[in-house]
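Colleague: Dropping a structure here in structure tokens format, bear with me for questions.
The values are calculated or read from the model by the stated rules, or taken from the named source; none is laboratory data. Because the structure is a prediction, the values reported are computed rather than measured. No Cβ is skipped: glycine too gets one built from the backbone with ideal geometry, and neighbour counts run over all protein chains shown.
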2 protein chains.
Amino acid sequence: MSFKVTILGTGAAVPTLSRGTTSQMINCQQRSILIDCGEATQIQMRKFKVKFQNVQLILISHLHGDHVFGLPGLISTMQLLGRKKALTIIGPKGIKAFLLTQFKIVGLYNGFPIHFSELDEKQEGIIFEDKCLKISTFPLKHRIPTHGYRIDEKPGKRRLNKQAFDQTGVSNSYIEKLLSGADIKDNSGVIVKSEDVTYPHKPTKSYAFCSDTAYHLPIINHIKNIDLLYHEATFIDKEGDRAVETYHSTAKQAAAIALKAKAKRLILGHFSARYKNMETHLEEAQTIFDSVFIPSDGEVFNI
Amino acid sequence: MSFKVTILGTGAAVPTLSRGTTSQMINCQQRSILIDCGEATQIQMRKFKVKFQNVQLILISHLHGDHVFGLPGLISTMQLLGRKKALTIIGPKGIKAFLLTQFKIVGLYNGFPIHFSELDEKQEGIIFEDKCLKISTFPLKHRIPTHGYRIDEKPGKRRLNKQAFDQTGVSNSYIEKLLSGADIKDNSGVIVKSEDVTYPHKPTKSYAFCSDTAYHLPIINHIKNIDLLYHEATFIDKEGDRAVETYHSTAKQAAAIALKAKAKRLILGHFSARYKNMETHLEEAQTIFDSVFIPSDGEVFNI
């Protein structure tokens, strides 16, 4: 079961030729979830061969242009290419008005249903759940209400130990129940314990997205032991004052959050266009946390 | 004095990797005028090294997404990079609300003044004029109110015939007046005729932009003898019915407009993403009009 993140844009507010604005595609157990959608996200998706008609859920962190200006164009293209499947958009208060007022002005018809869910400013906890995964939100600390997201796989079924099962002699029709973890008794009274004929499910994995945010310790409670953490690192140490002023983080601060949360791996992003390369981001973060990655646009991280 | 058009996007509603949505930069006598601004126009500008802080005027043809979705991001970037110079935006009714409602939602501050001028649905005639050029508008025929634009250089000064001027013996202080076309009489009563000591100004050039539009003969009156005509050609002959349904044109129809208007050269564009190459567009247009060009994104036409 695959769980991967494709980084569609690694830049901050001003897009450059090498670093687009924030957007990430999460593919988790055949679910396609887009987080944020800066301008030209649909073009980045084409460039990196990411299928956008499969997206069923879009999560928006906050209403700054570099996180939402690509949304009207993406939805327009989905409609023009014949999408009928419903789409859910979860984000801050105002996301619905942002889209619907534009759609009205440009005369975009409703080719497919869009369900909106607007979060409260300080909302915490689960906001989406199905049989495969659950998504929770938590507040970040930015100039406007901003939401972090955490995606957790749910445990899958246990896996069959075929040799052990065959020795029990019970009918194959009991397999599903045994895989679900329940013990069974067959028609002839034979009792089979699930744990005797199945292996445990694979460990579940988790991903968290934290952009844009100042250094904010309460985040840690929501991302403990996360397998992969994305935390913005707009600046390096030298611009620490600028980070404070603009409610952004430095690479070191992102690393400190990863360390304190006992994250396994950390991806940085939302790099200010002032930096020609990210070597200093990497060096500074690695003084605090080992497993740090500086992604390029289009880079894929398997979780 | 240079007058050139940089084609920033040659595609129709759905952008592809090779063809962006509609936008063109017109550089005319040190004026920078942007026409239309589909999604990712600011990125195309970077790609093709087109300076966007110099843009003083943006003309918008109509309120379909592929002509305006790049405008909020471009203006946001202009602000973030410190622009102070005023910007004028001329377009259909609704363009002001389209931008200002978004700016309010995403909290974009007013870093520089933006002046809006909204056109009436069937408006014709001059909408902008300065000492170097004049811009007029005329109605196109599309599903919603859509405006064509024509940019005409104004005659420059006459050019000095230095040898003839020197023979008159009058003071250099009369040169400006003579270049403006006026005759002069100096302090000692010597009369000098402008036409005796100056050459005529260079011929003025003109450019017209027609997108999006059905085949619409009244356009011809507004673009007679134009030096360079851009006319949309979304479809080829085979999709003629689709052109009628969607109020777009075929390559042949664009060529017929160019021929009837006695245009000198014709650029096609707004190509539907269904076409892998534009050979048929070119062939079909050339059955009617010789001087046809199929631009690539980034191509520059000197007028």
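Colleague: Restricting to the range B:78-107, count the residues that are within 22 Å of A:T77 (Cβ to Cβ), among the aliphatic types (A, V, I, L, M) and at the interface with another protein chain (Cβ under 7 Å from one of its Cβ atoms).
Modeller: Looking only at that region, the number is 2.
Colleague: Okay, next question. Determine, yes or no, whether A:F165 is assigned to a helix (DSSP H, G or I) and among the aromatic types (F, W, Y).
Modeller: yes
Colleague: Please pick out the residue among A:Y215, A:Y174 that is outside the structural domain of A:I267 (by TED's automatic domain parsing), touching a residue at least 12 places away in the same chain (Cβ under 8 Å) and of a type in the set (S, T, Y).
Modeller: From the options A:Y215, A:Y174, the qualifying one is A:Y174.
Colleague: For residues that are closer than 18 Å to A:S32 by Cα, among the charged types (D, E, K, R) and assigned to a loop (DSSP other than H, G, I, E, B), tally how many sit in the range A:120-161.
Modeller: 3
Colleague: Does the range A:213-245 hold any residues that are of a type in the set (A, V, I, L, M, F, W, C) and in contact with an Asp or Glu (Cβ under 8 Å, 6 or more places away or on another chain), and which are they?
Modeller: A:I236
Colleague: Could you check, for the range A:168-189, whether at least one of its residues is more than 35 Å from the chain's Cα centre (by Cα) and of a type in the set (A, V, I, L, M, F, W, C)?
Modeller: Yes, some residue in the range A:168-189 is more than 35 Å from the chain's Cα centre (by Cα) and of a type in the set (A, V, I, L, M, F, W, C).
Colleague: If you take just the helices (runs of 4 or more DSSP H) that sit entirely in the range B:34-83, which of them hold at least 3 residues that are within 16 Å of A:H67 (Cα to Cα) and in contact with a helix residue (DSSP H, G or I) (Cβ under 8 Å, 6 or more places away or on another chain)?
Modeller: Helices (runs of 4 or more DSSP H) meeting the threshold: B:71-80.
Colleague: Being of a type outside the set (S, T, N, Q) and surrounded by 19 or more Cβ atoms within 10 Å (Cβ to Cβ) narrows it down to one of B:A182, B:A233, so name that one.
Modeller: Result: B:A233 is the single residue among B:A182, B:A233 that is of a type outside the set (S, T, N, Q) and surrounded by 19 or more Cβ atoms within 10 Å (Cβ to Cβ).
Colleague: Consider the range A:93-127. How many of its residues are farther than 23 Å from B:K93 by Cα and among the aliphatic types (A, V, I, L, M)?
Modeller: 5
Colleague: Out of curiosity, is A:Q53 within 11 Å of chain B (Cβ to nearest Cβ), surrounded by fewer than 24 Cβ atoms within 10 Å (Cβ to Cβ) and free of Cβ contacts under 8 Å to residues at least 60 places away in the same chain?
Modeller: Taking the combined requirement at face value, the residue does not satisfy it.
Colleague: Now for a separate question. May I ask you to list pairs of residues, at least six apart or on different chains, whose Cβ atoms are under 8 Å apart, with the first in the range B:30-49 being facing chain A (nearest Cβ under 9 Å) and over 21 Å from B:H231 (Cβ atoms) and the second being hydrophobic (A, V, I, L, M, F, W, C) and not in a loop (DSSP other than H, G, I, E, B)?
Modeller: Sorted first by the residue in the range B:30-49, then by its partner, the pairs are B:E39/A:I43; B:A40/A:I43; B:Q42/B:L74; B:I43/A:I43.
Colleague: Could you list, in sequence order, the residues of the range A:11-29 that are more than 11 Å from every other protein chain (Cβ to nearest Cβ) and over 11 Å from A:G269 (Cβ atoms)?
Modeller: The answer is A:M25, A:I26, A:N27, A:C28, A:Q29.
Colleague: Find the residue count for the range A:56-77, including only residues that are hydrophobic (A, V, I, L, M, F, W, C), within 7 Å of chain B (Cβ to nearest Cβ) and in contact with a Lys or Arg (Cβ under 9 Å, 6 or more places away or on another chain).
Modeller: 1
Colleague: Counting just the residues of the range B:108-119 that are part of a strand (DSSP E or B) and surrounded by fewer than 19 Cβ atoms within 10 Å (Cβ to Cβ), which one comes out farthest from the other protein chains (Cβ to nearest Cβ)?
Modeller: B:H115
Colleague: Filter the range A:207-229 down to the residues that are among the small types (G, A, S) and within 14 Å of A:Y247 (Cβ to Cβ), then identify the one that is surrounded by the fewest Cβ atoms within 10 Å (Cβ to Cβ).
Modeller: Ranking the qualifying residues of the range A:207-229, first place goes to A:A214.
Colleague: When residues of the range B:123-140 are filtered for being in contact with a helix residue (DSSP H, G or I) (Cβ under 9 Å, 6 or more places away or on another chain) and surrounded by fewer than 17 Cβ atoms within 10 Å (Cβ to Cβ), how many remain?
Modeller: 1
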